[in-house]
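One structure is given below, encoded as structure tokens.
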Amino acid sequence: MNIPSREELGKILKDSKKIAVVGLSDNKDRTSYLVSEAMQKAGYEIIPVNPNVKEVLGVPAVASLTDIKEHVDIVNVFRRSEHLVDVAKEFLEIDADVFWSQLGVVNQEAYDLLVSEGYKPVMDRCIKVEHALTK
């Protein structure tokens with residue numbers, strides 16, 4: 001698995017404005033909430049993607065990536081590794097630039113699928129940490 005370099009991650013984050021967060025919880029103690037809140041405070045537009053919540057961080061949630069009608073720069077995934085293939089397939093259906101799964105979330109089949117479609121996925125990296133390290 002070839003993950004983009006820290007410099008490449010910094011460029012992705014500098015060039016991006018809108019992040020769809022798959023698995024974003026409305027529980028303020030969950031990592032997905034804390035990371036997304038930090039990214040929102042850093043100036044990114046957050047789109048919660050979770051069929052089980054109505055709204056997170058003051059933004060209406062959508063049930064799936066395919067419910068998003070505007071361009072998305074980054075799809076940030078907070079789902080267990082075994083769900084990444086399904087999320088990757090949904091990702092391929094929308095107009096998004098970067099597939100990014102959080103720390104500890106890795107799936108070789110999803111990675112291979114995305115690479116075969118011309119993407120350079122980011123896996124097993126915390127977007128908040130990379131943002132802090134590359135500002």
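The table below gives the values:
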item	result
Pairwise label distance in nanometres, K89 with K69, each label 7 Å out on the Cα-Cβ vector	2.6 nm
Calculated [θ] (222 nm, deg cm²/dmol) that DSSP helices of n ≥ 4 give over the chain, each run adding -39,500 (n - 2.57)	-10500 deg cm²/dmol
Gaussian network model of the chain, Cα within-10 Å springs - most flexible of V35, V72, V59	V59
Shape of segment 28-85, Cα gyration tensor, a/c cut at 1.5	rounded
P(r) histogram, all alpha-carbon pairs of the chain included - 5 Å bins from 0, percent	2, 11, 23, 26, 23, 12, 3, 0
With DNA, RNA and ligands ignored, accessible area of K18 (1.4 Å probe; Å², nearest 10)	40 Å²
Cα shape, segment 54-103, gyration tensor, a/c 1.5 rule	oblate
Accessible-area value, H71, 1.4 Å probe, nucleic acids and ligands omitted, Å²	70 Å²
Radius 14 Å from Cβ of V85, net charge of other residues (Lys, Arg +1; Asp, Glu -1)	-4
Listed residues R80, R125, R30, most fluctuating in the chain (Gaussian network, C-alpha, under 10 Å)	R30
Percent antiparallel among DSSP beta bridges (both partners in segment 14-85, rounded to 5)	15 percent
Percent antiparallel among DSSP beta bridges (both partners in the chain, rounded to 5)	10 percent
Mean separation of Cα contacts under 8 Å (6+ apart) over length of the chain, as relative contact order %	26 percent
Cross-link reach list, aspartates and glutamates versus K89, counting only Cα pairs under 20 Å and skipping chain neighbours closer than eight places	D67, E70, D73, D97, E109, D112, E117, D124
Distance (nanometres) between label positions extended 7 Å along Cα→Cβ at M1 and V59	2.4 nm
Euclidean distance between Cα centres, segment 8-61 to segment 82-99, Å	16 Å
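The values are calculated or read from the model by the stated rules, or taken from the named source; none is laboratory data. Remember, it's a predicted structure, so these values are computed and weren't measured experimentally. Note that we place each Cβ from the backbone using ideal geometry, even for glycine, and neighbour counts take in every protein chain shown. With ligands, DNA and RNA removed, areas are computed over all heavy atoms of the protein, side chains included. Shrake-Rupley method; radii C 1.70, N 1.55, O 1.52, S 1.80 Å.
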